[in-house]
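The values are calculated or read from the model by the stated rules, or taken from the named source; none is laboratory data. The model shown is predicted, which means the values in this text are computed figures rather than measured ones. Keep in mind that these areas ignore ligands, DNA and RNA; they rest on the heavy atoms of the full protein, side chains included. Shrake-Rupley method; radii C 1.70, N 1.55, O 1.52, S 1.80 Å.
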Amino acid sequence: MRFIVRRLAFYLLAFWVSITLNFLLPRFMPGDPVTRMFAQASNKMQPEQIEQLRQLFGLDERPIWQQYLTYVQNIFTGQMGVSISRFPTPVSEVIGSQIGWTLLLGGTALVIAVVIGNLLGILAAWRRGGVLDSVFPPILVFVGSFPYFWLAMAALYLFGVVLGWFPIRHAFDAGMMPELSWTFVSSVATHLFLPALTIVLVSIGGWMLGMRNTMIATTAEDYILMAEAKGLTNNRIMFRYAARNAMLPSVTAFGMSFGFIVGGALLTEVVFAYPGVGYQLLAAVQGLDYPLMQGIFLTITAAVLVANFLVDIVYVRLDPRVRVS
Amino acid sequence: MSVTNPSETVALATADAPSAAPASSRRPRRGLLRGILGNRKAAFGAAVLLLFGVVALAAPLLAPGNPSLITAIASQPPSLEHLFGTTAKGQDVLALTMHGARTSLLVGFVVGAAATLVGLLVGVASAYFGRVIDDLLSLVTNVFLLIPGLPLLVILAAFLPPGIGTVVVVLIITGWAGSARVLRSQALSIRSKDFVAAAVVTGEHPLRIMFREILPNMASIVMSTFLACVIFGIGAQAGLEFLGLGDASVVSWGTNLYWASNDGALFTGAWWAFVPSGLCIALVAFALAMVNYAVDEVTNPRLRTTKKGRTRA
């Protein structure tokens, strides 16, 4: 229990750092974002927007610590301001309508990559020097060397444009309304296939090699020898004895990689014009929509922190040693 | 690249600390450099890197003039005249790719070196001083590890004025934490060795202990951290520039991809506009990874793939 409380405190601290970063960035960076926005959209701006910007970027006359308190207070009450590019929609509403797509894409890709990668790693380590162990790793490392977004571009070009097997943009067919029907779900699935595939391809090698290396260390342990001496079946030794223990580092990596997957999904979303928060983040940057930008950054950070915390809780269940120390 | 030979430093360290394990219990290690050069993976990686290095250096000779100049008919597929074809604007893709290597490799190696250096300072200081300093530095490291990198990159790049300098600074800010964590754990295990304790007792200066006693024993892990950081630097730079957050007037592999995507190369079938730059990034990253695995294999014999491994039915 103490472990969980300590971790929770740590994640709260991390969240506080990103809030503070978010608050400080526009105030201490060279070049004033408001001026930049005025330069771009001065004739299109409403008086309310200008007023809002002033408040957001501390152009009101209050001392900085008062602005900071208001800022933190607003975040915890979910008031992240109003989007400039989609005025007058509140930032939280814009994000709320898109975070689901990112979670769907990133989550699907992560789970598939983890399951297949770990299985390959277990099998490769079990038969050191075998076909699986000598053929797959170099190929996967090479594929993993490609930037996420480039593989996405290549897949889009090959399977979307040239062969025309999969749709090339958005999350579902134009003219559809989100509903729980077979046609809608299958449309979502076909749109999800290519982006998820590219993320899986790039990340699977890391999972496989990580698992392979811990498995190799684990198979040298005495209790594996003991299990062999007892005459247990191979599959039982491999999965229940060796892999079970070699899984632990993978569990931590699972939590950490959630953040990387969100990052990878960002670029993939941009290539496929997939309507997640990553795609929106780029649109916000291009439209100099600073409130939306900051809101998306905080949302992604919060999601990553929550995911890591959940993984920590699972870890305590899996590894009793954590509870003792 | 100069790497301290760890077998020498190990010998030195043992001489410093008489209570260290007797030499007989430890097999004499071959030199790190010699071991790496004799490794097939490393030789392949080094050859590829060398090739790219030469092309990057010789780009002004191989493709004279400004590569962004419009010199040909737009959107030409590869031909004898333009080996890699031309962009939608009529620039020569081969020239763009060769000149792109200069920026991409330079930024990658600068970021790699700087991120490793910051990580090394934080990691070794953390391990050496322990207690409050370790707690504090580890906390900062873990927080930076946890905050999702690419969104932070995007946010930072959006606020800072665009340019190569910004890209480098932003990548160092988001890239150092991983190396700090790896290097700290290695430094911790060396910190607990007897020869370090002996140095502390004899009243050596902390800086001297950190850099002359601990650091030389970390050569292999510092090198693999550096290689990993360079891979990160090249890839993340390409990502940022692809999003249009770099300086779009600079020629690099990332901006080449940005323009290819902007000019609709994907939809007009101009695959030659985006394939070369992406392939180059992948080849360099793959070559670096190969050298990295070779370093691992040479220093950690357990990972070596042997043909006579466990055989089970």
Enter the accessible area of A:Phe76 (Å², nearest 10), with the probe set to 1.4 Å and all protein chains included. 130
Computed over the protein assembly as shown, Cα set: Rg, Dmax in Å: 26.1, 81
The rounded separation in angstrom of the Cα centers of segment B:116-152 and segment A:123-197 is 35
Gaussian network model of chain A, Cα springs within a sub-10 Å range: biggest mean-square fluctuation belongs to which of A:Phe272, A:Phe28, A:Phe239? A:Phe28
Using a Gaussian network model on chain A with a 10 Å cutoff between Cα atoms, which of A:Gln98, A:Gln286, A:Gln66 fluctuates the most? A:Gln66
Could you list which residues have their amide H under 5 Å from that of A:Val82, counting only those 5 or more apart in sequence or on another chain, with H placed in the peptide plane? A:Val91
So how do A:Thr77, A:Thr108, B:Thr225 rank on accessible area, 1.4 Å probe, biggest first, that is with the largest at the start? A:Thr77, A:Thr108, B:Thr225
Dividing the Cα convex hull volume of segment B:118-197 by residue count, how many Å³ per residue is that? 84
Of all lysine pairs in the protein assembly as shown that are eight or more residues apart or on different chains, those with Cα atoms under 28 Å apart total 4
Above 27 Å lies some portion of the pair distances; for segment B:92-299, what is it as a whole percent of all C-alpha pairs? 40
Projected convex hull area of segment A:91-324, Cα atoms, direction-averaged, in nm², equals 16.1
